[in-house]
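K.L.:
Submitted below is the structure of interest, expressed as structure tokens.
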Amino acid sequence: MAQPSWVILDAVARVAAELDADLSLELAAPPSITVLTVPPRVSPVHADPTSRARPWVVSADPASGLLLLCAQPAPLRPTPPPPPEFLNGMRVLNITDIERRPPAYFVCDVSSATAFRLPEPGHGDPRGFPSEIKPSNFGVVAAPGAGGGASRYMVVEFRYMFNDQHATLLCFSSDTREWTWKPVHNPMGRWIWGSDGVIAHDGKLWWVDLAGGLVSCDPFAEAPVLDIVPLPDADCHHTDSSCAHCAGRSLAYRRFVQVSAGKLRCVEWSFRRRGVQDAVRGFIYKAWAKAFRLNVHDGAPMTVSMWTLNDPETKEWALEYKVSFQAIWADESYKAAGLPEKNPTFALVHPMNPDVAYFFLEEHLFSVDMRSNRVVECGVHGLAVPPSGKPPNCFSVRALELPLALSAVLTVSIAVYAGSLPSDVGSGSSTEESSPPASFAPSVSLAILKIGSEEEA
């Protein structure tokens, strides 16, 4: 039986007071969800589905097992209001500053079972940017080469201003354990950046704007140079906005960029409008899509397209496939899975096989071989759904490759629980004889033993 080489990680970490170790990783074979748990000393704030006050993985280097965790500070204790003051018989309005404390960031290394708390960067930015970090522009990448690996890394925030030819890379090196500010030329011009995440790939960091393109650089270079790679043209345009930026953001809600099989892939899902949907589009559609990332076009089957960036130097994207869910719904494997014929929400691409895509639908997470239209896996995802009803989406989970040691542990767990599994689970194969039951969710806990800090360095 082949070892499961990757997991689907919940981007929101759990907090457990009874946890003795500093971190716990509950491994589960896809399509089940792997959960990261931390004690209150790492994240004083528990995950709250009704707010953004939660510990979460802001970015990762999946190939090296590095996670960048953001932990919100504990809420301030309420203090009694000062006694009222009066001047000439009028009460003086007492306005006090509200103390804002930035979150803490941890670099978690799955391979070495360690986590390190990053120091605060301070106020040394030559461009005058504030010291507080913007997590959507914050990424981590392992140092390339035989002397690198997950033991050496760089954490970088891309800092820029609109229509400014200068920008700054705020860099933290694991070698020096210090922050440095690297000035760079900003190639975006009047491009209003969307800040849709950061990808680590090929020893570089790639900042993503799903409306327009990617900005990449080698952060380990003495003088980094930013390069722009535009995303492919939209497969389907449907927006009533006369503003180019607003139209681009509407497109961004239907796209995702991820690394699979060593190459950058751009996935887009679109809908063919018809009848009443043409009349009711506009404000209602944009408001719901922005607030909930919901698919409001259930009457028209969703179409999923994927492009591959074969060579970043040429900046050309090649279309791999374009598949309608009408064909997937008609396949016997979809009917056998017991899934309703409703448009799902895109989750992620298999990190080793770009032909396999994962989708959320109600309480299920299932994968489809997009070449054959066949459902490969299906299970209950178990992710928390807030009272608003916002379903999980592609930002709710992350594909994480496992080191060989952890992969072997997960293999043993699967063998104990299930006896045997097909050797090609998650690779695009689905057979009735070898598929595990829908309720099958093997898991194993791994304790990560130590947290370092700048004081211990």
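The values are calculated or read from the model by the stated rules, or taken from the named source; none is laboratory data. Worth saying up front: this structure is predicted, and the values here are computed from it rather than measured. Here the Cβ is made from the backbone with ideal geometry for all residues, glycine too, and neighbour counts use every protein chain on show. Note: accessible area is taken over every heavy atom of the protein model, side chains too, but ligands, DNA and RNA are not part of it. Shrake-Rupley method; radii C 1.70, N 1.55, O 1.52, S 1.80 Å.
K.L.:
Would you check which residues across the range 205-221 are open to solvent by 10 Å² or more (accessible area, probe 1.4 Å) and either modelled with pLDDT under 90 or small (Gly, Ala, Ser) (or both) and list them?
P.N.:
Result: ALA211, GLY212, ALA221.
K.L.:
Could you list all residues from the range 323-361 that are farther than 30 Å from ASP10 by Cβ and open to solvent by 60 Å² or more (accessible area, probe 1.4 Å)?
P.N.:
Passing the criteria: GLN326, ALA330, GLU332.
K.L.:
Further question: Within the group PHE325, PHE360, PHE395, which residue is aromatic (Phe, Trp, Tyr) and modelled with pLDDT under 95? Give the steps one after another, and end with the answer.
P.N.:
On the way: PHE325 fails: modelled with pLDDT under 95; PHE360 fails: modelled with pLDDT under 95.
Among PHE325, PHE360, PHE395, only PHE395 is aromatic (Phe, Trp, Tyr) and modelled with pLDDT under 95.
K.L.:
Then there is this: Identify the residue in the range 306-344 that is closer than 25 Å to SER5 by Cβ and of a type in the set (S, T, N, Q) and, among all such residues, is nearest to the chain's Cα centre (by Cα).
P.N.:
THR308
K.L.:
Taking the range 81-123 as the region of interest, how many residues are in contact with a Cys (Cβ under 7 Å, 6 or more places away or on another chain) and either among the aromatic types (Phe, Trp, Tyr) or modelled with pLDDT of 80 or more (or both)? Outline the logic, then answer.
P.N.:
To start, the set of residues in the range 81-123 that are in contact with a Cys (Cβ under 7 Å, 6 or more places away or on another chain) comprises 103, 105, 115.
Add one more test, that the residue is either among the aromatic types (Phe, Trp, Tyr) or modelled with pLDDT of 80 or more (or both), and what stays is 103, 105.
Counting residues in the range 81-123 that are in contact with a Cys (Cβ under 7 Å, 6 or more places away or on another chain) and either among the aromatic types (Phe, Trp, Tyr) or modelled with pLDDT of 80 or more (or both) gives 2.
K.L.:
Please tell me if SER372 is over 15 Å from the mean Cα position of the chain (by Cα), part of a loop (DSSP other than H, G, I, E, B), at pLDDT 95 or above and closer than 27 Å to SER333 by Cα. Please lay out each step first, then the result.
P.N.:
Numbers: over 15 Å from the mean Cα position of the chain (by Cα): yes; part of a loop (DSSP other than H, G, I, E, B): yes; at pLDDT 95 or above: yes; closer than 27 Å to SER333 by Cα: yes.
When the stated conditions are applied, SER372 passes them.
K.L.:
Only one of these is over 30 Å from PRO340 (Cβ atoms), open to solvent by less than 40 Å² (accessible area, probe 1.4 Å), modelled with pLDDT of 55 or more and not in a loop (DSSP other than H, G, I, E, B): LEU251, LEU264. Name it.
P.N.:
Values: LEU251 fails: over 30 Å from PRO340 (Cβ atoms).
LEU264 is the lone residue from the list that is over 30 Å from PRO340 (Cβ atoms), open to solvent by less than 40 Å² (accessible area, probe 1.4 Å), modelled with pLDDT of 55 or more and not in a loop (DSSP other than H, G, I, E, B).
K.L.:
Still on this structure, please answer the following. Considering the range 171-195 alone, what residues qualify as being in contact with a helix residue (DSSP H, G or I) (Cβ under 7 Å, 6 or more places away or on another chain) and open to solvent by 30 Å² or more (accessible area, probe 1.4 Å)?
P.N.:
From the range 171-195, those in contact with a helix residue (DSSP H, G or I) (Cβ under 7 Å, 6 or more places away or on another chain) are 192, 194-195; that's our starting set.
Scanning the range 171-195 gives a single hit, ILE192.
K.L.:
Right, another one. Looking only at the range 347-366, which residues are over 21 Å from GLY262 (Cβ atoms) and not aliphatic (A, V, I, L, M)?
P.N.:
Going residue by residue through the range 347-366, those that are over 21 Å from GLY262 (Cβ atoms) are 359-366.
Across the range 347-366, the qualifying residues are PHE359, PHE360, GLU362, GLU363, HIS364, PHE366.
K.L.:
Sticking with this structure for a sec: Report whether or not VAL296 is modelled with pLDDT under 95, out of contact with any Lys or Arg (no Cβ under 8 Å at 6 or more places or on another chain) and either assigned to a helix (DSSP H, G or I) or under 17 Å from ARG254 (Cα atoms) (or both).
P.N.:
Working: modelled with pLDDT under 95: yes; out of contact with any Lys or Arg (no Cβ under 8 Å at 6 or more places or on another chain): yes; either assigned to a helix (DSSP H, G or I) or under 17 Å from ARG254 (Cα atoms) (or both): yes.
Against the criterion (modelled with pLDDT under 95, out of contact with any Lys or Arg (no Cβ under 8 Å at 6 or more places or on another chain) and either assigned to a helix (DSSP H, G or I) or under 17 Å from ARG254 (Cα atoms) (or both)), VAL296 qualifies.
K.L.:
Would you mind finding the one in LEU361, LEU309, LEU402 that is touching a residue at least 60 places away in the same chain (Cβ under 8 Å), out of contact with any helix residue (DSSP H, G or I) (no Cβ under 9 Å at 6 or more places or on another chain) and of a type outside the set (Ser, Thr, Tyr)? Talk me through it step by step, then tell me what you get.
P.N.:
Details: LEU361 fails: touching a residue at least 60 places away in the same chain (Cβ under 8 Å); LEU402 fails: out of contact with any helix residue (DSSP H, G or I) (no Cβ under 9 Å at 6 or more places or on another chain).
After applying the criteria, what remains is LEU309.
K.L.:
While we're here: Working only within the range 222-232, note down all residues that are surrounded by 17 or more Cβ atoms within 10 Å (Cβ to Cβ) and not in a strand (DSSP E or B).
P.N.:
We begin by selecting, within the range 222-232, every residue surrounded by 17 or more Cβ atoms within 10 Å (Cβ to Cβ); these are 224, 226, 229, 231-232.
Within the range 222-232, PRO224, LEU226, LEU231, PRO232 qualify.
K.L.:
Shifting gears a bit: I'm trying to understand the selection: among the residues of the range 164-200, which are over 21 Å from LEU210 (Cβ atoms) and either in a loop (DSSP other than H, G, I, E, B) or among the polar types (S, T, N, Q) (or both)? Walk me through it before giving the result.
P.N.:
Going residue by residue through the range 164-200, those that are over 21 Å from LEU210 (Cβ atoms) are 164-166, 168-185.
Residues satisfying the conditions are ASP164, GLN165, THR168, SER173, SER174, ASP175, THR176, ARG177, THR180.
K.L.:
Do you know which of the residues in the range 17-42 that are more than 15 Å from GLY65 (Cα to Cα) and at pLDDT 85 or above is surrounded by the most Cβ atoms within 10 Å (Cβ to Cβ)? Full working, then the answer.
P.N.:
Applying the first criterion (more than 15 Å from GLY65 (Cα to Cα)) to the range 17-42 yields 17-22, 28-33, 37-42.
Imposing the further condition that a residue be at pLDDT 85 or above reduces the set to 28-33, 37.
Numbers: ALA28: 23, ALA29: 27, PRO30: 22, PRO31: 24, SER32: 21, ILE33: 22, THR37: 20.
Out of the qualifying residues, it is ALA29.
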